[in-house]
Amino acid sequence: MHTAHSKTFLDRAEAAEYVRAKGLPLSKNTLQKYATVGGGPAYRKFGLRAVYRREDLDTWIENKLGEPISSSSKAA
């Protein structure tokens with residue numbers, strides 16, 4: 001049995017679950033919105049379906065996360 005963690009490509013729902021498993025909120029509908037308006041992770045088309053690679057999701061997460069903050073006075 002294949003799980004999302006053993007696949008090379010993830011569909012949109014699996015990609016959203018992959019990101020949520022890292023503790024970050026994301027829905028497949030938000031991924032769809034990003035695919036339309038931009039700003040989301042890189043994806044590829046397979047026929048009519050969007051597919052994602054874990055490496056591209058990880059890169060997107062790292063780029064989207066802010067720098068580590070050690071004090072709330074540095075957050076501004």
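Since every read-out is calculated from the coordinates, none of them should be taken as a lab result. This one's a predicted model, so the numbers in the text were calculated from it and none came from an experiment. Counting neighbours? That spans all protein chains shown, and the Cβs are built from the backbone with ideal geometry, glycine included.
Before moving on, here are some points about what is shown:
- Helix content alone sets the calculated 222 nm mean residue ellipticity of the chain: runs of n ≥ 4 DSSP H residues at -39500 (n - 2.57) each, divided across all residues, give -12000 deg cm²/dmol.
- Between K7 and S73, the FRET efficiency estimated from the beta carbon spacing at R0 = 35 angstrom works out to 0.20.
- Computed extension gain for N63 through A21, at 0.36 nm per residue and net of the alpha carbon distance, reaches 13.3 nm.
- Cα→Cβ-extended label distance, 7 Å offset, between K33 and F46, nm: 2.6 nm
- Long-range tail of P(r) for the chain (Cα pairs > 15 Å, %): 58 percent
- Each of K7, K45 has some number of other Cβ atoms within 10 Å of its Cβ, and from fewest to most they run K45, K7.
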